[in-house]
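Below is one structure, written out as structure tokens, with a few remarks after it.
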């Protein structure tokens, strides 16, 4: 048995990533390359938002007190968020804060990487000792399959499309890959969650994830990047410089009216 | 004599514009086209910030109570801000919210238009019946001269540079010009301020401003845009969609700690 | 000729015209104009609301808004498809929007400045759209009528959600209630103008009525909308910003104050608060997406070639 | 030869080497590397702080921060100029940065995550930089030494401002104090590593000492920094995140815990938290600015041609 406080923290770690990625995807709304993709991204954003909400609600029920999905989403600051660093990167790619044109290749390749990981995650978590979590995982698994399919189709189109699209996809892959290291680097909380039957052995996801990703890269005629020693730390609350801007925007209205019900 | 409340509002109208433009210019910091321009824009941003602070302080002294420069800047919402709509437009140009690459031509042409207007404004306000305002105006006048010189030099380089830079400058001029209409359209507050000797007859600024701008356009080999019926209303608190994002970012930290002193 | 007679008698009898049927060129052109204008409105209409997804004040409201904006994109898709049955391509339609040749509903040239705008857009803008669109479910052109049936269902769902959002604000804190009133003050007159110029001034009305495309006049629809909306505003405890608004027992309708048609034409002619921003946003998205569309085409061609070679 | 002797005796006598003087190629190369690395550090160093200008929590702090970041850009300019006196162009130097060939201070590969980071960067990062740079004011190469004198003056002003910012946080609310401690926890070890590897491991030290470019060893500077900083942290009421830190009365210095040099080399080798982001940001700004630089050149050429034609 894992103590309740860390049980909750593990759930928040699972919840914050889909919330933050959902936010990034929803930024495309009205700005996509073709209307069908505006719809597809909104759909995926909606699924991820739904996953986050279920996980927050489950965590809040466990935590008790005044915990709620909205308190988690709107009233925690940067150091309390537990999402992976990759997901807070802006749609324009890997650079310090500053407005820039969004890059659909970056969005698509990130979705491919994340949903392939999520697929492995949810499959295992659907057997979690936490029955509530297992149910959420079973639902999320189906969604992750569709998300991966969508992102894979486009990754292949880009890699095996024009020279320009190939270059963009390769660039996205190269710049994103180092940020995936975090997903497979277990820390004490991961270990505790895995040992207790609540969570998964996160290092064990790497093998099957790599198989999927290499196969996708091959079909897309992309070169899989070399390993790097880079290790981001968002899941421990040590984020990059982008999350602060994201939360400032996301939380601005809710925080301006802390007493309000919407 | 103008009633104190409207005197204060007139000062806020003067103050909010330089604050918001300063914010936009400071976004270039570290992202400029050449190091010298990073410095120049930071310098102009700093001047504008200084003008805003003096005006807020003057307004706060008049308003009394808990009014202060920081309360004005950080604890008013979108409908309370009184800046011209043009100045809240993002550095990427005229489009709905959504991240996009900043455009130096848009920034430069906007600075040219605004500082040419400010020159006319401060010159007249340096004779304001409000001695405090007159002193601020005299100081600001010198700064506006330098800002106009900087922006004019670059406008000419762009207009009379390459085909690409000419096209960008013309595009910036065409898209910005309609937003200047607001500056010369007097409303009741403008009229009252002018009549009382506090403010200026804002319609009267149009003639000399146009002379300056047309001369600049000519030297830059740019076509001065036709008049349009567009009328923005930021100075009455009816803004475009961008100011909300700007304030969310600018005010995020201050509002997260309303009790703090920095 | 015989074809014209067949067409006329179908219209007369209230039978649907289908894509394969002969139709007068002017009828076809009118439909393309109207359907594509409607499709463009859905797509441009994603912007003011899309603008608030990232700032929605609760996750529940965020999900509702995301789904709603997605629905609007979906409506755009059905409508482009309906227009395509008339022999124009999506590319041509999009090109007409981006070049400024095609119009879209002027209402989306107003900015969404606060959260209550999400309520007003659902309650009033979608409400007005439904008034306009319900008669179109009986429109003489089959594909358009069928698209409108589906769209109207979803729009009335959105309308209820918008009203419910307003209700939550009006029952909330004083600041929330003030937000709601402030938004209503901004949206009321633009929405009233959504029904278009008075019947006397409307250019296209007579012929489109005859063709069974339009079925109720602009002024009648506007009256219907106002009559339906005033009691809803009362229920919210909000004040409609029209000092002349009052019940006329004799007519059995609300009288309203004069409409500022100069404002209407200014916005239609391109000088509304956001015309430039909306169009530029669409242009930019289209330009930034060019490489994506080219990649998809290139890949499809490569696959087709490989399939041929394998055969 | 005679030139080498003149150079050696100038160094011996503590006389400055000036741009027109003969100098050994290795001396020149070492200086270009070091000065340009320093210039690049100033420019990249604008990013973590620039990141907070738009969010500064008071207008006074915003003005201070804007002015500070501007100063850093100014330092970059002096230093590029000093490097140019050695016969390299700014374009070459910038190219070396963007290609990843030239280094910049690793400290700027750490993110600025909160407002207290603005304090830590001034107090600690600038403080450490001053320790490194004060000896350079006596450096054997004249233009570099003179640039450093000016820069050190401004840096010590920044250092005091940074400390003053920390003081305001530590005297503020509990949340502000916590911010300050959290930032110190993140910045301490990276700052301690700013002085470079231990003397035993340092590649360039011996020769640069002999040439009068470097004057004090890495470990000595580090010790000096720690000795100066510990009492400042105590004054703030903050705890330095080093459990081994304690006063050694015998040595008359503070002892500190072991430094994680694997972390140091990981960041130097490109895998620090923000290496990719910083470099990509510089590349992007340079690429987005290409048309601006081309326009300026084209216009200057046009003017020159017109002036010739008029003559």
For segment B:1-65 and segment A:96-128, what is the separation of their C-alpha centers, rounded to whole Å? 41 Å
I need the semi-axes of the equivalent ellipsoid of segment D:1-72: take the C-alpha gyration tensor, multiply each eigenvalue by 5, square-root it, list largest first in whole angstrom. 43, 12, 7
Just which residue of chain C brings its Cβ nearest the axis of rotation onto chain D, and by how many angstrom, rounded whole? C:288, 7
Rounded tilt (10° steps) of A:163-184 against the dominant C-alpha axis of chain A: 30 degrees
Taking segment D:122-225, the equivalent ellipsoid from its C-alpha gyration tensor has semi-axes in Å, biggest first, of 31, 17, 7
Whole angstrom only: what separates the Cα centroid of segment D:158-217 from the Cα centroid of segment A:179-233? 34 Å
Sorted from largest to smallest, which semi-axis lengths in Å does the alpha carbon gyration tensor of segment C:258-311 give for its equivalent ellipsoid, taking the root of 5 times each eigenvalue? 47, 11, 5
Chain D, relative contact order [Cα under 8 Å, separation at least 6], %: 18 percent
Segment A:1-78: relative contact order from alpha carbon pairs under 8 Å, six or more residues apart, as a whole percent, is 35 percent
Stokes-Einstein translational diffusion, segment B:149-212 - Kirkwood Rh over all Cα pairs, 1.002 mPa s, 20 °C, in µm²/s: 155 µm²/s
Taking the C-alpha atoms of segment B:3-102, convex hull volume expressed per residue in Å³: 98 Å³
Neighbour-count order for B:147, C:299, fewest beta carbons within 10 angstrom listed first: C:299, B:147
Computed over segment D:25-162, the distribution of all Cα-Cα distances in 10 Å bins, rounded to whole %, is 12, 44, 32, 11, 1, 0
To the nearest µm²/s, what D does Stokes-Einstein give for the protein assembly as shown at 4 °C and 1.567 mPa s, using the Kirkwood radius over alpha carbon pairs as Rh? 40 µm²/s
On each of the three principal axes of the Cα atoms of segment C:221-293, give max minus min coordinate, whole Å, ordered largest first. 61, 28, 21
On alpha-carbon atoms, Rg over Rh for segment D:99-139 using Kirkwood Rh? 1.08
Beyond 18 Å, what percent of the Cα pairs of segment D:30-77 remain? 36 percent
Restricting the calculation to Cα positions, tell me the Rg (one decimal) and the Dmax (whole number) of segment C:107-175 in Å. 14.4, 49
Using only the Cα atoms of chain B, what do you get for the radius of gyration and for Dmax, in Å? 17.8, 56
For residue A:146, which inter-copy label distances result when the label point lies 7 Å beyond Cα on the Cα-to-Cβ vector, reported in nm to one decimal and in ascending order? 5.9
Distance between the C-alpha centers of segment A:246-262 and segment D:233-311? Whole Å please. 35 Å
Under the convention of a label 7 Å out along Cα→Cβ, give the distances in nm from residue D:185 to the same position in every other copy, shortest first. 4.7
Relative to the longest principal axis of chain A, what angle (0 to 90°, nearest 10) does the C-alpha long axis of helix A:35-63 take? 20 degrees
Let me see the pair-distance distribution of segment A:197-261: every alpha carbon pair, 5 Å bin width, integer percents in order. 4, 11, 11, 14, 13, 14, 13, 9, 6, 4, 1
Cα-based radius of gyration of segment C:143-283 once divided by 2.2 N^0.38 Å, which approximates compact folds: 1.20
Using the Cα atoms as the points, what is the convex hull volume per residue of segment B:147-262 in Å³? 185 Å³
Nearest 10 degrees, 0 to 90: helix A:4-26 Cα axis against chain A principal axis: 40 degrees
Listed residues C:119, C:162, C:142; largest mean-square fluctuation, Gaussian network over chain C with Cα springs below 10 Å, found at C:142
Normalise the Cα radius of gyration of chain C by 2.2 N^0.38 Å (N = residues in it) and let me know the number. 1.09
Counting pairs of alpha carbon atoms under 8 Å apart in space and at least six apart in sequence, what relative contact order in percent does segment D:194-291 give? 15 percent
Taking a label point 7 Å from Cα toward Cβ, how far is residue C:243 from its twins in the other copies, in nm, shortest first? 7.6
10 Å binning of all Cα-Cα separations within segment A:98-215, expressed as whole percents from 0 upward: 14, 38, 30, 15, 3
Expected sort for D:294, D:280 with the fewest Cβ neighbours (10 Å cutoff) up front is D:294, D:280
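Each value in this text was obtained by applying a stated rule to the coordinates, not by laboratory testing. Everything numeric here is computed off the predicted structure, so don't read it as measured data. Positions of Cβ are backbone-derived with ideal geometry, glycine not excepted, and every protein chain shown enters the neighbour counts.
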